[in-house]
Structure formats: C-alpha cells, structure tokens
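Asks: Before anything else, here's the structure in question.
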Amino acid sequence: MTNKKLTKPIVIIANGKYPSHPYPNELIENANTIICTDGSANKLKNHGYDPTFVIGDMDSIKNIKDFKNSEFLHIPKQDNTDLEKTFDFCIDSLVKEVTVLGATGIRDDLAMANMLLLMKYHRKLKIKMVTDIYTVECIKGKHNFSSFTDQHISLIAVYKVKSVTTKGLKYSLTKQSISPSGHGVSNTATGNKFTIRSSNRMLLFRGHK
C-alpha cells in the first residue's frame, strides 16, 4: 500500500537523458503524478520538481533526505529493470495509461530495451514514450491519429506483421507485409490526421513539431 494516490496524468521519468524539447517538458509541468525510476529523481529535482514516487533498487539516487515530499518504493528484485518495476506497480495500482520520458539518449542498449517494453506491456498498459524527437508507442488493429502536414512517421516491426494498411501518409501501404527492417521508416503525414491498421503489434514513431 502507498500513502499517495496516483492521479492522472501520470508521467514516468526513466534514468536516461532528461528532456529538453518543450513538449515533454510541458508534460512534466502538467503531470499530477510523477514517478521516477531511482536515479532519475536527482535529475528531476535539479529541474525544480519533486517526484510523487521513486521506484527501484535505490542504488543510483543521492541525498534521499532531500526528497521529503516523495514516497519511496524500494524494490530490490534484480530480474526486472527499474522501469519494469514501475510498470508493474502501475498495473497493480489499476493505472490504465502512462507517459514515459527519459527512456533514451544515454545508452543505446537501454533505449532499445525500453522500447521493447512497449511491446511486452502492450496488453496491460497504454504507454507513450516521449523523447526529444518522437512519441513512440506500440499499436495493433485500427488507430486514428491527429497529425500535421509533413510530420515524420515511422513504423517498425519487431517481428513479421502480415498486414499493414495506412491512410493519410505520403507512402501508403495496403495490406502489406512488413518484416523487421527499415521498410516502414521515414514516411510523412499529408494532413491533419492519418490511420493505421495492423494485424499485429508494431512500433509507431510520430515526430514532434
């Protein structure tokens, strides 16, 4: 049990590069709950914010006594990363949707692992990963998205997807098979909305303005 409530919107800050783009920083400013994974609490504090929760094995955070307004959830299990522990905490707390910041930008291996977590948790938790360049999420089935002309759009298959159909993109796909490759990258939106229908899970990258 925790002493604090998780109220939407919920932002998770991983211990990668702290965001510099105005959009992710606006998400931090407007968040009602901020969850930091261990050492990312130091970065958040340095930018003038206090995390609601700090989750992890607490091997990276410094000066815990400075976080008087934060609740610490020490989870020493090493089989899962601190970000996985945080997702599991959100699921156990009946949270449906979160936004993740700071998941990329320092170590490429961890960035890749964090993006694969979007696939792993897709059925249990709606996750948007926001970097300084893209909003990344796992999609399956039919989805409609708001957009703007020339927005950068990339679709990446982690494993083979038998059928992908798009509408509102410069390079359209019609029931096309996509394998793990660069085949679906570097597309653009042609207007203020687009639609994607996929037969299986894949990663969608949407560029910021």
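Asks: For segment 96-141, name all the residues that are within 9 Å of the chain's Cα centre (by Cα) and of a type in the set (Ser, Thr, Tyr).
Replies: Thr99, Thr131, Thr135
Asks: Quick one: how many residues across segment 4-23 are among the aliphatic types (A, V, I, L, M), outside any strand (DSSP E or B) and within 13 Å of the chain's Cα centre (by Cα)?
Replies: Qualifying residue count for the region: 1.
Asks: If you take the residues in segment 136-167 that are of a type in the set (S, T, N, Q) and within 15 Å of Val185 (Cβ to Cβ), which one is surrounded by the fewest Cβ atoms within 10 Å (Cβ to Cβ)?
Replies: Ranking the qualifying residues of segment 136-167, first place goes to Ser154.
Asks: Looking for something over 26 Å from Asn3 (Cβ atoms), assigned by TED's automatic domain parsing to the domain that holds Ser60 and touching a residue at least 12 places away in the same chain (Cβ under 8 Å) - is there at least one such residue anywhere in segment 87-100?
Replies: The answer is no, given that none of the residues of segment 87-100 is over 26 Å from Asn3 (Cβ atoms), assigned by TED's automatic domain parsing to the domain that holds Ser60 and touching a residue at least 12 places away in the same chain (Cβ under 8 Å).
Asks: Can you list residue pairs whose Cβ atoms sit under 9 Å apart, with the first residue in segment 23-51 being more than 25 Å from Arg206 (Cβ to Cβ) and the second being acidic (Asp, Glu) and not in a helix (DSSP H, G or I)? Count only pairs 6 or more apart in sequence or on different chains.
Replies: Between residues of segment 23-51 that are more than 25 Å from Arg206 (Cβ to Cβ) and residues that are acidic (Asp, Glu) and not in a helix (DSSP H, G or I), the close pairs are Asp38/Asp57; Asp38/Asp59; Gly39/Asp59; Ala41/Asp50; Pro51/Glu71.
Asks: Next question, about the same structure. For the list (1) closer than 21 Å to Tyr121 by Cα; (2) surrounded by 15 or more Cβ atoms within 10 Å (Cβ to Cβ); (3) in contact with a helix residue (DSSP H, G or I) (Cβ under 9 Å, 6 or more places away or on another chain), I need the number of the one condition that Pro9 fails.
Replies: The failed condition is (2).
The values are calculated or read from the model by the stated rules, or taken from the named source; none is laboratory data. Not measured: the values here are computed from a predicted model. All Cβ positions, glycine included, derive from the backbone under ideal geometry; neighbour counts span all protein chains shown.
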